[in-house]
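Trainee: First, the structure itself, so that you have it in front of you.
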Amino acid sequence: RAMMDLIARRLGILTLKGDSSDLRVLQKMIDRGIVRKQDVRGLQGLGILFGDLLANKYGLTWVSYEDDIGLSKALRWKKTENYVFPVSLFSKRAHFKEEINMGMVFEGLSADIEAFIAYEKARPVFK
């Protein structure tokens, strides 16, 4: 909600469409310095909106994922062990001084997601 309020105030956009056209809006948030690269919380907010786009496109579900490091929010495809972690995606890129290009990141993750969906669909099911 805070990120949508910021988008409305700074860009005049009241709603997102929920598809890949929203990537331009998210990129403007970075390019115009509305969300700065040292703003971890803001970058994680963009990660949530980015994750919602992936969830809408591929039918992924938000889940809590726990490992040795702790608890994280993740996207999972069906009831498989295939996860994507969009919340920290951009804050980690910023931390390592990598460029944030929403379109390229979306294309790369889309290819990964499509690959694991194809793999899971082709996998034999044993009863």
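The values are calculated or read from the model by the stated rules, or taken from the named source; none is laboratory data. Just so it is clear, the structure is predicted and the values come from calculations on it, not from any experiment. We place every Cβ from the backbone using ideal geometry, glycine too, and count neighbours over all the protein chains shown. The accessibility values were calculated without ligands, DNA or RNA, using every heavy atom of the protein model including side chains. Shrake-Rupley method; radii C 1.70, N 1.55, O 1.52, S 1.80 Å.
Trainee: So which residues in the range 112-127 are surrounded by fewer than 10 Cβ atoms within 10 Å (Cβ to Cβ) and assigned to a helix (DSSP H, G or I)?
Mentor: The initial filter retains those residues of the range 112-127 that are surrounded by fewer than 10 Cβ atoms within 10 Å (Cβ to Cβ), namely 121-127.
Within the range 112-127, 121, 122 meet the criteria.
Trainee: Looking only at the range 9-23, which residues are in contact (Cβ under 8 Å) with a residue 12 or more places away in the chain, within 18 Å of residue 35 (Cβ to Cβ) and not hydrophobic (A, V, I, L, M, F, W, C)?
Mentor: The answer is 10, 22.
Trainee: Restricting to the range 61-82, what's the tally of residues that are open to solvent by 70 Å² or more (accessible area, probe 1.4 Å) and either in contact with a helix residue (DSSP H, G or I) (Cβ under 6 Å, 6 or more places away or on another chain) or hydrophobic (A, V, I, L, M, F, W, C) (or both)?
Mentor: Going through the range 61-82 one residue at a time, the tally reaches 3.
Trainee: Which members of the range 83-127 meet the condition of being out of contact with any helix residue (DSSP H, G or I) (no Cβ under 8 Å at 6 or more places or on another chain), aromatic (Phe, Trp, Tyr) and in contact (Cβ under 8 Å) with a residue 12 or more places away in the chain?
Mentor: Within the range 83-127, 83, 85, 116 meet the criteria.
Trainee: Of 112, 68, which residue is farther than 18 Å from residue 38 by Cβ and at pLDDT below 95?
Mentor: Values: 112 fails: at pLDDT below 95.
Of the residues listed, the single one that is farther than 18 Å from residue 38 by Cβ and at pLDDT below 95 is 68.
Trainee: Any chance the range 11-18 includes a residue that's buried (at least 16 other Cβ atoms within 10 Å of the Cβ), under 24 Å from residue 112 (Cβ atoms) and at pLDDT 95 or above? Let's see the steps before the verdict.
Mentor: Looking only at the range 11-18, we keep the residues that are buried (at least 16 other Cβ atoms within 10 Å of the Cβ), and these are 16.
Those still in the list that are under 24 Å from residue 112 (Cβ atoms) too: 16.
Still in the list and also at pLDDT 95 or above: none.
Scanning the range 11-18 turns up no residue that is buried (at least 16 other Cβ atoms within 10 Å of the Cβ), under 24 Å from residue 112 (Cβ atoms) and at pLDDT 95 or above.
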